[in-house]
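The values are calculated or read from the model by the stated rules, or taken from the named source; none is laboratory data. A quick note: this is a predicted structure, and the numbers were derived from the prediction, not measured. All Cβ positions, even for glycine, are placed from backbone atoms using ideal geometry, and neighbour counts span all protein chains on display. Accessible surface is based on the protein model in full, side chains and every heavy atom, while ligands, DNA and RNA are left aside. Shrake-Rupley method; radii C 1.70, N 1.55, O 1.52, S 1.80 Å.
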Amino acid sequence: MDPIFLKIAAAAVLGFVISAALGKVIIPALRRLKAGQSIKEDGPTWHMSKQGTPTMGGLMFIAATIVVVLALNGPAILAGDFTSVFVLLFSLVFGVIGFLDDYAKVKKKQNTGLTASQKFLLQLAAAILFIVLLRGSGILSPNLYVPFFGVEWKLPWVVYMIFAAFVIVGCVNAVNITDGVDGLATGVTMPVCAFFAASFVYAYLYWDRPGSGGMTIFAAALFGALAGFLVHNFHPAKVFMGDTGSLFLGGAVCGMAFALDLPLILILVGIIYIAETLSDIIQVAYFKATHGKRIFRMAPLHHHFEMGGWSEAKLFFVFSGITLVCCVAAFFGVMGRFPVL
C-alpha cells in the first residue's frame, strides 16, 4: 500500500479529533465573550430561538486543518512543495475577512458586519493574488479543461484572470449563503472535500501532478475537521461556523479546484452552492420585476423547503446526499483530465 493512504487516514482522524476536542474549549469561550449570533428578522420565525448561539465556531476546523497540514506536510513543505501552503493561506485570508465581519456583527449586536463593497474588494484582491501566485509557481495554466468532454479552451491570461476572480468571489459567497441552517454548509462541503482528496490522490498516483500529494492531505484534514465540527454543529447546533468558517470553506473549495487546475468541476461538485445562490438572485430579480411577487416561499433555497415543512435534519441529509452523488459523478471528469500514464 502506498504511504499516501496512511497519511490520508491520519489526516482525517487527526482533523476530526482536534476539531471535536477544540469545541469543548472554544464554545464555552465564545459564550463567555458573548459572541452570539444575531438572527435576521426577515428569516423563518422559528429561527429566532437560535438567537445568541455562539458564532465564529469555524475557528475549530480552521485550527485543526492548520495543525494537521503543517504536521503531516512538514517534510514536503521543507523540500519545496508549497501548494498546500498556498491554498491554506488563501483560505485563511478569507477566514480573516469572515472573522472581521463576525466581529463587527457581535460588536454591533446585529446581523450586519462589513459592508458589501468592503467584503467584495477584499475578496477580489485575495483572488487575484492567489491566481497570480499559482500561475507564477507553475501550478496553474490559463487553459480551461471541460470535464467529460476532453476539451481544453486556451484563454488569454487576462481573460482567465477575470474568469478566475469571478468564480472565486462567486463561489466563496455561495458557500456563505449555504450556511443558513444547522450543519448544512458543513454537510455539503464534506463530500466536496472527499472528492478533492480522491482527485488529488488519483493525480498523485497516476499522473504525478506536482503538489497533489500535499493537497491530498489538505483535503483529508479539512474533511476530518468538518466531521469533528459537525459533532457540535448538527441540529440542534451548539455553535455556528459564522462567516469566519463559511468564507474559509469557500476559499478552501476554490483553492482546491484551482490547485487541481480544474475550476469548471465546481459547477458539478458545488451544485448546492449554485442552487442556493441562484434562488436568491432569481427571487430578488422577480420580486423587483413584478413589484412584490415571489417565486420561492423564501430565499435562499433551504428556507423555501423549510417553509414547506422540511426539518433542518432533512435538509442536511438531502442536500448533502445530492452533493455526494454529484461528487461521485464529477470524479469521472477528473479521470479524463488526468489519464493513467
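Candidates in segment 302-317 are the residues that are open to solvent by 50 Å² or more (accessible area, probe 1.4 Å) and within 19 Å of Asn176 (Cα to Cα); of these, the one that is nearest to the chain's Cα centre (by Cα) is Phe317. Looking at segment 1-23, I want the residues that are closer than 17 Å to Ala227 by Cβ and touching a residue at least 60 places away in the same chain (Cβ under 8 Å) and have a partner that is of a type in the set (Ser, Thr, Tyr) and in a helix (DSSP H, G or I) with Cβ atoms under 7 Å, at least 6 apart or on another chain. Which pairs are those? Final answer for the pair search is Ile8/Thr216; Gly15/Thr65. The residues on offer are Ala203, Ala194, Ala198, and the sole one that is in contact with a Lys or Arg (Cβ under 8 Å, 6 or more places away or on another chain), under 20 Å from Arg337 (Cβ atoms), assigned to a helix (DSSP H, G or I) and in contact (Cβ under 8 Å) with a residue 40 or more places away in the chain is Ala203.
Applying the criterion of being surrounded by 13 or more Cβ atoms within 10 Å (Cβ to Cβ) and of a type in the set (A, V, I, L, M, F, W, C) to the residues of segment 30-42, the residue that is modelled with the highest pLDDT is Leu30.
Taking the listed residues Tyr103, Tyr145, the one that is of a type in the set (Ser, Thr, Tyr) and either over 26 Å from Ala330 (Cα atoms) or assigned to a loop (DSSP other than H, G, I, E, B) (or both) is Tyr103, with no other qualifying.
The requirement of being more than 11 Å from the chain's Cα centre (by Cα) and among the aliphatic types (A, V, I, L, M) is not satisfied by Leu247. Within segment 103-133, the set of residues being buried (at least 22 other Cβ atoms within 10 Å of the Cβ) and either within 17 Å of the chain's Cα centre (by Cα) or at pLDDT 90 or above (or both) comprises Lys119, Gln123, Ala126, Ala127, Phe130, Ile131. In segment 223-242, the count of residues that are surrounded by fewer than 24 Cβ atoms within 10 Å (Cβ to Cβ), within 14 Å of the chain's Cα centre (by Cα) and part of a helix (DSSP H, G or I) is one or more. Consider segment 196-207 and keep the residues that are open to solvent by less than 10 Å² (accessible area, probe 1.4 Å) and out of contact with any Phe, Trp or Tyr (no Cβ under 6 Å at 6 or more places or on another chain). The one that is nearest to Pro236 (Cα to Cα) is Phe196.
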